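Undergrad: Sharing a structure below in C-alpha cells format, with a few things to ask.
No value in this document is a laboratory result; all are computed from the given coordinates. Here the structure is a predicted model, which means the values were calculated and not measured. In this analysis, Cβ positions are derived from the backbone assuming ideal geometry, glycine residues included, and neighbour counts consider all displayed protein chains.
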Amino acid sequence: ARKIILDCDPGHDDAVAILLALGSEKIDLLGITTIGGNQTLHKVTYNALAVLEEVKERTIPVAAGCASPLVRELEVAASVHGDTGLDGVDLPKPSRTVIDKHAVDFIIDTIMEHEPGTITLVPTGPLTNIAMAVRKEPMIVERVKEVVLMGGGVHVGNWSAVAEFNIKVDPEAAHVVFHAPWQVTMVGLDLTHQALCTPARQRDIESIGTPTAKFVSQLMDFFRKAYAQNQGFVDPPVHDPCTVAYLIDPNVMTVRKAPIDVETHGDLTLGMTVADLRAPAPADCHTQYAEKLDVDRFWQLIHESIENIGEG
Ligand code: BDR
Ligand code: CA
C-alpha cells in the first residue's frame, strides 16, 4: 500500500478524500495534518477529528498545522463550506484530540523515519505546512516519493479568473512547493471539474445504505447548494479525492509533464499556476498536471471505499 500523509482543510471534498483513503487497501494513511484554509485552523482540525469519529477511526494521528499563510492574511471559503467548514452534517463530538506535535514536525519526522522514497505527500489545502517543512528540513525533498496535490489548474480559476483557492490563499507557499526539485503532480481544476457529483452519482452512493454513505450524501447536498449559489455549477466538483484516487489507481487520469510556476505578484493573476506548454517538457521536468479523468472509474473508487468502511 502507498504510505501517504494527507494535509487537508476539511472541507466537504477534503472529508471525502479522507474517507476514500481510509476505505482503500491500496492506501496506508500514516497521518492527517491540518491547515487553515476552507475555515480557520481550529475549525478544520475539529472537522478532521469529527470525520474520523464518524467512521470510528480513532488511531490515525491528527496533527494541527499552520493557522495562516506565510505572508498573507488567511482568506477562508465560507461561501463554499459554510461557517463551520463542514456545514450540512451533524458531526459527532471527537473522542480524542490532536497529537502533541506540530504538523510541520509530524511531516518532517515521518518522512525522515521512513525509508527514502516511500512517503507520498497529499496536500488538499493551502500549501503552507508543506512549504514550512521544506524550509525547516530541506532533506525531505529528496526523501519523499512524490507530492500529489489538489490545487491550481492550467489557466482556469475559481477564486479569481485564473487562480484556484488553495494556491491563491498562499501563493508564496505554493511557489516553494513547485520549485522544490521533487516530483509534483498538480491535480488542478481542469481535472477536478470533471469529478462532478451528479444526482445519479449521489444516488449510487446512497444505495450503499450505511451511515457513512448517508453522511457523504448529506455533505454533497450542502456542497451542491453552495456551488450552485456561488460558483455557477449545477453539480458540485469533488476536487480533493481526485488526488487519492490517482494514488489508488494511476489509470484514473491522464497526466502531462510541463514546467509549472506560480504567480506571486500579478494584479490580475496572483496565485495563477502558469504551465509552459510551448514545447515538449524538458527531460529534467519534475512537474506534471492531471488532464483527463476516467469519471466512471473515479466514482467506482469512491463507492468501493465507502462500502469497505461499512457501518463505520
Ligand atoms: C479547493 O478549495 C477548497 O475549497 C476545496 O476543499 C479544494 O481543496 C478547490 O479549489
Ligand atoms: Ca481542500
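Undergrad: Which shape class applies to the chain: rounded if a/c is under 1.5, otherwise prolate when a/b exceeds b/c and oblate if not, where a ≥ b ≥ c are the square roots of the Cα gyration tensor eigenvalues?
TA: Rounded, because the longest to shortest axis ratio a/c is under 1.5.
Undergrad: Also: Only loop residues by DSSP count here, and only those with at most 10 other Cβ atoms within 10 Å; note down the chymotrypsin sites (Phe, Trp or Tyr not before Pro) in the range 204-253 that meet that.
TA: Nothing satisfies the criteria.
Undergrad: Taking amide H positions as placed in the peptide plane 1.01 Å from N, state which residues far from G310 in sequence (5 or more) or on other chains have amide H under 5 Å from it.
TA: none
Undergrad: Below 16 Å, Cα to Cα, which aspartates and glutamates can K101 reach? Residues fewer than 8 away in the same chain don't count.
TA: D7, D109, E113, E137
Undergrad: Under 1.5 on a/c is rounded, so check that first for the range 1-87, then, if it is not, pick prolate when a/b is larger than b/c and oblate when it is not; a ≥ b ≥ c are the square roots of the alpha carbon gyration tensor eigenvalues.
TA: prolate
Undergrad: Next question. Give me a comma-separated list of calculated 3J(HN,Hα) values for the range 153-163, in order, Karplus coefficients 6.51, -1.76, 1.60 applied at θ = phi - 60°, integers in Hz, x for any Gly or Pro.
TA: Along the range 153-163, the couplings run x, 8, 6, 10, x, 10, 9, 7, 4, 10, 10 Hz.
Undergrad: So how far, in whole Å, is the C-alpha centre of the range 219-288 from the one of the range 53-75?
TA: Rounded to whole Å, the Cα centres lie 21 Å apart.
Undergrad: Going Cα to Cα from K257, which aspartates and glutamates come in below 13 Å? Please leave out same-chain ones fewer than 8 positions away.
TA: Once the sequence-local aspartates and glutamates are set aside, what remains near K257 is D276, D284, E291.
Undergrad: Which whole-number percentage describes the relative contact order of the chain, with Cα contacts under 8 Å and a sequence gap of 6 or more?
TA: With pairs under 8 Å counted, the relative contact order is 21 percent.
Undergrad: Taking 0.36 nm per intervening residue step and subtracting the Cα-Cα distance, what contour gain separates A67 from D109 on full extension?
TA: That works out to 13.1 nm of additional length.
Undergrad: Can you give the local net charge around E115? Use residues other than it whose beta-carbon is closer than 12 angstrom to its beta-carbon, Lys and Arg +1, Asp and Glu -1.
TA: Neighbourhood net charge equals +2.
Undergrad: Near A275, within a Cβ-to-Cβ distance under 14 Å, what is the net charge of the other residues, with Lys and Arg +1 and Asp and Glu -1?
TA: -3
Undergrad: Taking the Cβ of H175 as the centre, find all other residues whose Cβ is under 15 Å away and add up their charges (Lys, Arg: +1; Asp, Glu: -1).
TA: -2
Undergrad: Amide H of D28 versus every other amide H placed in the peptide plane: which residues, excluding those fewer than 5 positions away on the same chain, fall under 5 Å?
TA: For D28, the qualifying residues are R2, K3, I4.
Undergrad: Across the range 21-27, in residue order, what do the Karplus-derived ³J(HN,Hα) couplings come to in whole Hz, using 6.51 cos²θ - 1.76 cosθ + 1.60 with θ = phi - 60° and x for Gly and Pro?
TA: Calculated HN-Hα couplings, in order: 5, 4, x, 9, 6, 7, 10 Hz.
Undergrad: Follow-up. Shape of the range 264-312 from its Cα gyration tensor (a ≥ b ≥ c, root eigenvalues): rounded if a/c is under 1.5, otherwise prolate when a/b > b/c, or oblate?
TA: It comes out prolate by the Cα gyration axes.
Undergrad: Under a plain spin-label model, where a point goes 7 Å from the Cα along Cα-to-Cβ, how far apart in nm are S95 and I60?
TA: Here the answer is 1.7 nm between the modelled labels.
Undergrad: Whole-Hz ³J(HN,Hα) for each residue in the range 95-110, computed from phi via Karplus 6.51 cos²θ - 1.76 cosθ + 1.60 with θ = phi - 60°, x for glycine and proline: what do you get?
TA: Values, residue by residue: 8, 8, 10, 6, 6, 8, 8, 5, 3, 4, 6, 4, 4, 4, 5, 4 Hz.
Undergrad: So for the chain: antiparallel DSSP bridges make up what percent, rounded to the nearest 5?
TA: Roughly 25 percent of the DSSP beta bridges within the chain come out antiparallel.
Undergrad: For K3, which lysines qualify as cross-link partners when the Cα separation must be under 19 Å and same-chain residues fewer than eight apart are set aside?
TA: Of all the lysines, those that pass the test against K3 - Cα under 19 Å, at least 8 places apart if same chain - are K26, K145.
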